[in-house]
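The block underneath contains the structure these notes are about, expressed in structure tokens.
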Amino acid sequence: MSTVTPVRMSFGVLRNNRRLLVFPLLSATALVLILGALAVSAFLLDGAESSPSTVDVVASGACYLLLGFAFTICTAAMICAVDDVLRGESARIGASFRRALRHWPRLLAWSLLNTTVLLLVRQLERIPVVGWMLSALFSNGWAVATYLALPAMVVDGLGVAEGTRRSARMVRETFSRQVWGSLWIALPMVLSVIVGFVAFMLGVESNDLGPAVAGGAFAVVMLLGALLVGATVSGIFRTALYRDAAATA
């Protein structure tokens, strides 16, 4: 199947179900909270006169895990909503979150596994010279291998281990579509960012505060809009790709 077709379908699903944009907004909120919590924790630990206690470290880790779990819940709820739309039903935000929360034990376990793996991979950066390369290689490999793990857990109710294994088994069939689909989705997003940047530069070149501010505001709106639409379409494409791969497995 051509990769362009499911990507076009994903944009069409978003066009007809714009409430799906709510899920990336909530995910972004969770991400901001994660980064904020980490920044505050780092500031408090750096500002302390003595080394951080075990309680401080455990509390920071628990905060990171809980906020990561919230991010996973938002992603799972979006997958549920997209799955409903692809089955001919309407996207319902509340019902999608309730459906996702029914899987909360496995989603919590997945958050713990995913966070642990990524933190361990980050430790590879300490290796001289080739550390950053190994870290990027393993993190990207993990992302590709588990790309369909969350849809498997939410759509088909699989456990963490089986969902991860199914996602890994589907890599051979879906890898090219993952890559090309991501590129096709990113293309209009990149063009939107370029348009915003050009508008900002034109405002700056006018040597007038009004056009410069207007150009900057337009650039910010274009950037945020591109990120929001891109995240939503990516979630739609990811769910559709899993449903197609599972149907042909």
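For the chain, what is the accessible area per residue in Å², given a 1.4 Å probe and the full set of protein chains?
57 Å²
Name the shape class, rounded, prolate or oblate, that the alpha-carbon gyration tensor gives for region 107-150, where a ≥ b ≥ c are the square roots of its eigenvalues, rounded holds for a/c under 1.5, and otherwise prolate holds if a/b is larger than b/c and oblate otherwise.
Because a/c hits 1.5 or more and a/b fails to exceed b/c, region 107-150 counts as oblate.
Compute the distance in nm between two label points, each set 7 Å from the Cα along the Cα-to-Cβ direction, one at Leu65 and one at Phe138.
Result for the modelled spin labels: 2.1 nm.
Between Arg19 and Ile127, what length comes free when the chain is fully extended (0.36 nm per residue of separation minus the Cα-Cα distance, one decimal in nm)?
Here the segment from Arg19 to Ile127 would lengthen by 34.4 nm.
With all protein chains present, how much of the accessible area of the chain (probe radius 1.4 Å) comes from carbon and sulfur, to the nearest whole percent?
Summing carbon and sulfur atoms, their accessible area is 70 percent of the total for the chain.
Is it possible to state the helix-based mean residue ellipticity at 222 nm for the chain, with each DSSP H run of 4+ residues giving -39500 (n - 2.57), the sum divided by total residues, to the nearest 500 deg cm²/dmol? What is it?
It lands at -29000 deg cm²/dmol.
Taking semi-axes √(5λ) of the Cα gyration tensor in Å straight from the coordinates, which label in (1) 29, 29, 19; (2) 31, 22, 17; (3) 34, 24, 14 is the correct one?
Read-out taken from this structure: (1).
The values are calculated or read from the model by the stated rules, or taken from the named source; none is laboratory data. Computed from a prediction, not measured in an experiment: that's the story for all the values here. Note that we place each Cβ from the backbone using ideal geometry, even for glycine, and neighbour counts take in every protein chain shown. Keep in mind that these areas ignore ligands, DNA and RNA; they rest on the heavy atoms of the full protein, side chains included. Shrake-Rupley method; radii C 1.70, N 1.55, O 1.52, S 1.80 Å.
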